[in-house]
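See below for the structure under consideration.
Just so you know, all these numbers are worked out from the coordinates, no wet-lab data involved. Owing to the predicted nature of the structure, the values given are computational and were not obtained by experimental measurement. No Cβ is skipped: glycine too gets one built from the backbone with ideal geometry, and neighbour counts run over all protein chains shown.
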Amino acid sequence: MNLVTLDIWDTVVRRNCHPDDVKNATAQYIVNRLNDNLLDKYSSLETILLLRQNIELELGRKSQAAGFDDEYNVRDVLVALINKISMNKVSEDVAHDALEREIKFELDNTYIDPTISSFISELNYDKCFFISDFYHDTAFIKRLLKHHNVDFVKEGISSCDVGYNKRSGRLFDWFFENNKDLIDSSSNHIHVGDNEWSDYRVPQKKGIDARLYLPEVEHKKRGKIADRYHKASELVQDFSKNRLQQSSFSIGEDHALFYYAYCREIIANANANSLDKVFFMTREGEFFKKVYDEINSALPDLEKGPISQLLCVSRIATFFPSLRSISTEELMRVWNLYSTQSIQTLFKTLGLDIELYTPFENKYSLPKEEEVQYPWLDERVNRLFSDQDFTTMMLFQQSQRRLGLSDYFTSIGLVSGGNYGLVDIGWRGTIQDNIAYIQPDSKFTGYYLGLERYLNEQPKNGLKIAFGPNNNHSENQSDLFNIVAPIEMICNSENGSVVGYDDSIPPQPIRKIDPNENVIFSDFTSDYQRGVLSNIGDISSSLVNLHNIHDTMKAEALKIWRGIIDTPSPLLADAYFSLVHNEEFGLGKAVDKSQRIYVSDVLKALVNKDSRLALKTKLRSLFWPQGYFKRTDISKFEKLFSYYVLKFAIVYNKVRIKLSRAK
């Protein structure tokens, strides 16, 4: 009888990725599944991969100490790994799901060697079995073979099931001992595999007719995959190299990796947490959705993210409907952000017609235009919010607004009880808070470029994840928050801000479009975003089947973000300082970024309180010294003078904030 035994990996089954990339993909799944429960020191996938390898070594040593070979089961590895990197004890489901995710990844990224079937058919075998050194069990290998419709070998053994491997030769001994009915003195046993030691020299010593299987084409392909894996970081870095930024389109091409990395992280996390749908919130979300969809279309099925949906919302459209009461206590959610506010600005923030306030203006001697510092401490404001007629009017307005918003949510599939992703640019996720209060039975995971320190209590049904700096965990790279308006400008939409919803069925968002703001979109942002999107496809195809790039890709992406702020293109700077920026929520007006800083502004501020206040307001709107210095419409002297004035203002503001926190 002719008996053939086969190695599995790189003999019967081959991967279209590096073997360690399987572990990298699992590590990324676990990181995304743990979210805030992950210990900070394990945020790097490289660190987790090294930890997994150390756990494998330790379990292997324990197996040897018990008299076996250095074998281990991947299930035990993942349980130990997850316990090690978690802050708090996690459900056993996490390890179970991580194992299943790794198995599915193997199924999705493997194929059958194209010539192995014809190779062994020439051996005229009667029986064929597999003998594999592997950390997944025999049941997995059978599942793998069945998945690929392999019919020439269906039974066999995996080393982790019995504790012996081919390297030592003891797995062959175990196979002989447990298959005596198949093997006798007249049997001709042939073993086929790719490893010179385990599949050739060791079986030869056992008297087995060993055949080394290294088909030239597949062997070269394997070498290329390994080479690509080890050069993956260089490949990523090539996409972040600055080229000639001669147009807004070419600047967008250069920045594409920044948005690619952000959206890839959203996709990976959304998959790990089984989100029903990912909603992209206007305005910046309109651009992010295009990037997400472009990436998603190029991913293999296993890695595709949930369906994306545009969510037409704004702070103005969602804040008032989300109030849990008409009270000064509840309005602290906005006053913590804007501590000086007039009633007129408050009504704009709530999206209400100021005429509704007219009956109460004289009653409480509170002019609608009066800027009130710390409104919650003002006696007139407190009396106003204790007035039953006022609160009744406000509750009626709120019920109308909330009904329209809820109907709009239902029409786009944002229904109660779901598990949803919300994507926005940043910076505290207050729209997510509003939506979470409106739908307390749903769970929301928010994805942001960065997160500033929260000023309000966070809803219990929400989680927020920052791609970049998160001041709620650490102030590492928090200086990126010194100026965020340029990032908002290049991610903006020409479709205006949502201010409410109409009475149609289903309700449609009402947008307020500012033609002045859209001048910059037409002149710069539109071509910039087209440049980004034109390069996303190239990045997607170049980085496919590479999962060891997460750490490098994030580092390069944050480097691009820093470059946008610290060393901007003059084209970008000129566009920014021509911008009319929408600050309707909170400030109740648009801010003109085309203002300039004059020596006379500073001199007047030294001697006059009103001039000091005017200069502070101007500086706050121009808080970007690096960009101001790159403007092409001002003199060199004005560049230098304004640069240092703005730098001083930033330092002063940081010190002021630190002192206020210390109190």
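Look at the Cα gyration tensor of region 291-397: its axes a ≥ b ≥ c give a/c of at least 1.5 with a/b over b/c, and that counts as prolate. Loop-located trypsin sites (Lys or Arg not before Pro) in region 12-94 (DSSP state other than H, G, I, E, B) with a sparse environment of at most 11 neighbouring Cβ atoms within 10 Å: LYS89. Taking other C-beta atoms within 10 Å as the exposure proxy, TRP561, TRP9 rank TRP9, TRP561 from fewest upward. Which shape class applies to region 595-663: rounded if a/c is under 1.5, otherwise prolate when a/b exceeds b/c and oblate if not, where a ≥ b ≥ c are the square roots of the Cα gyration tensor eigenvalues? Because a/c hits 1.5 or more and a/b fails to exceed b/c, region 595-663 counts as oblate.
For region 216-284 versus region 294-366, the spacing of their alpha-carbon centroids is 34 Å.
How much FRET efficiency would the formula 1/(1 + (r/R0)^6) give for GLU370 and LYS41, where r is the Cβ-Cβ distance and R0 is 51 Å, rounded to 0.05? Efficiency, rounded to the nearest 0.05: 0.50.
Ignoring lysines fewer than eight residues from LYS127 along the same chain, the ones with Cα atoms less than 26 angstrom from its Cα are LYS142, LYS146, LYS154, LYS166, LYS180, LYS205, LYS206. With a Cα cut-off of under 23 Å and a minimum spacing of 8 residues unless on different chains, the lysine pairs in region 19-108 number 8. Where both bridge residues fall in the chain, DSSP classifies roughly 25% of the beta bridges as antiparallel. Based on DSSP H runs of at least 4 residues, each adding -39500 (n - 2.57), what is the mean residue ellipticity at 222 nm of the chain after dividing by all its residues, to the nearest 500 deg cm²/dmol? The helix-only estimate for the chain comes to -15500 deg cm²/dmol at 222 nm.
Only lysine pairs 8 or more places apart or on separate chains count here, and in region 595-663 those with Cα atoms under 22 Å apart total 23.
So which trypsin sites (Lys or Arg not before Pro) in region 450-518 end up in coil per DSSP with only 16 or fewer other C-beta atoms within 10 Å?
When the trypsin sites (Lys or Arg not before Pro) of region 450-518 are filtered for loop state and at most 16 Cβ neighbours within 10 Å, ARG453, LYS460 remain.
Using only Cα atoms, tell me the angle between helix 550-566 and the longest principal axis of the chain; keep it within 0 to 90° and round to the nearest 10. Helix 550-566 sits roughly 20 degrees off the main axis of the chain.
Only one item in (i) 38.2; (ii) 80.2; (iii) 35.5 matches mean projected area of the Cα convex hull in nm² derived from the coordinates shown, and that item is (iii).
Here region 466-535 and region 17-69 have alpha carbon centers that stand 38 Å from each other.
Working from the pairwise distances between different alpha carbons, so that the mean of 1/r is found and then inverted, what is region 165-314's Kirkwood radius in Å? Final number for the Kirkwood radius of region 165-314 is 20.8 Å. Beta bridges per DSSP, both residues in region 391-549: antiparallel share near 25 percent. What is region 241-282 by shape, rounded, prolate or oblate, if you read a ≥ b ≥ c off the alpha carbon gyration tensor as root eigenvalues and call it rounded for a/c under 1.5, prolate for a/b larger than b/c, and oblate otherwise? Because a/c hits 1.5 or more and a/b fails to exceed b/c, region 241-282 counts as oblate.
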